[in-house]
1. Does the range 232-243 include one or more residues that are modelled with pLDDT of 85 or more and at negative phi?
2. If I ask for residues that are surrounded by 15 or more Cβ atoms within 10 Å (Cβ to Cβ), free of Cβ contacts under 8 Å to residues at least 60 places away in the same chain and either not in a loop (DSSP other than H, G, I, E, B) or not assigned by TED's automatic domain parsing to the domain that holds A201 (or both), which ones from the range 330-366 would you list?
3. Would you say V166 is surrounded by 16 or more Cβ atoms within 10 Å (Cβ to Cβ), touching a Gly at 6+ places or on another chain (Cβ under 6 Å) and of a type outside the set (D, E, K, R)?
4. For the range 182-200, enumerate the residues that are under 15 Å from S366 (Cβ atoms) and of a type in the set (K, R).
Amino acid sequence: MYLKLPKAKFTMNCSGNTRYIQLDTTYRKGHENGSLKFLLWFAYVLGVLEGAIVLLVWLFLFRVHHDPVSTMQGYILVANGFKRFSYAKLKKATRGFTQEIGRGGGGVVYKGVLLDRRVAAIKRLKEANQGEAEFLAEVSTIGRLNHMNLIETWGYCIEGKHRLLVYEYMEHGSLAQKLSSNTLDWEKRFQIALGTARGLAYLHEECLEWVLHCDVKPQNILLDSNYQPKVADFGMSKLRNRGGLDNSSFSRIRGTRGYMAPEWVFNLPITSKVDVYNYGIVVLEMVTGKSPTAIPDTDAQGETEQRGLIKWVRDRMNGIGARGSWIEDILDPVMQGECDLRRMEILIGVALECVEEDRDSRPTMSQIVEKLM
């Protein structure tokens, strides 16, 4: 190092010429210099990471702006934890869609084993003309529903014309399959009625969006290993404002022959009371063991023929054609001598309220739950 000394002030008996003095200085790399270098590198790496994050966010926003379908898909995957399956993987899981376990107006359901060894019910939807955005919107709605008495959805597939949904597999199948066997005693049937009411009450009154099922029937009530019910098949459901809607809002009449509410037939506004009516018919079927179309009503026409079962129960309740106790007279023979007659009377009374012609006379699903508790 060299120091330049001013000539005017610092002479120190030196000559007038500028003098340069060389100082021997040794620099050693200390602890402070190492820490400073580490901090600089850390700041550099942090800056790179922040820049990468900003770039990724910008790319995501750009994709959102230009691809609304992918936006919806991303929302489903991130917010709901859904998995998008390829058609090839689901075909392999079902062994080429060979093990059929259910069939309905919305499609066919197959049993399959996923790559993670989970057993699944895979529904292949029949109406393949639905657009991708519309399908993903409905799947997004399903993913936001979470209740112990609703079937859990694990994922979906959308490739070309293929539309599939992947559900948890229910060991005991559907209520429809079990009603024809001797496995459902009184207590199981009562708990199925109560659990189904809870699931529908959640759809109607507790979830963020109002959901109408529109096709409540034994085939759409599944039973787990403990015979707890889970309402399934929301392919028929509709999201609506809570004020009801005009029948013309639907592309076609929804529901199943024998279970449909009068509103469908008489072109009246559709509300949650259509599900209440369906539920009442299902309960009467569970109590009597009779299909709603098994007892014809000579006064009924077309889609209202389920009134034959309703009229038959009411006649027995009023003492018409009854042999002894009217309750025991209408019971499914499987439950004879084992049911709680007091609770059975409450259950039948609730079912008959649900199937009133005037929808305003029907209770809500939450009121039904309270009555059965």
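The values are calculated or read from the model by the stated rules, or taken from the named source; none is laboratory data. In this text the structure is predicted, and so the values were computed from the model without any measurement. We place every Cβ from the backbone using ideal geometry, glycine too, and count neighbours over all the protein chains shown.
1. Taking the range 232-243 as the starting set, the residues that turn out to be modelled with pLDDT of 85 or more are 232.
Now restrict to residues that are at negative phi: 232.
Yes, that holds for at least one residue.
2. Within the range 330-366, I330 is the sole residue that qualifies.
3. Yes, satisfied.
4. R198
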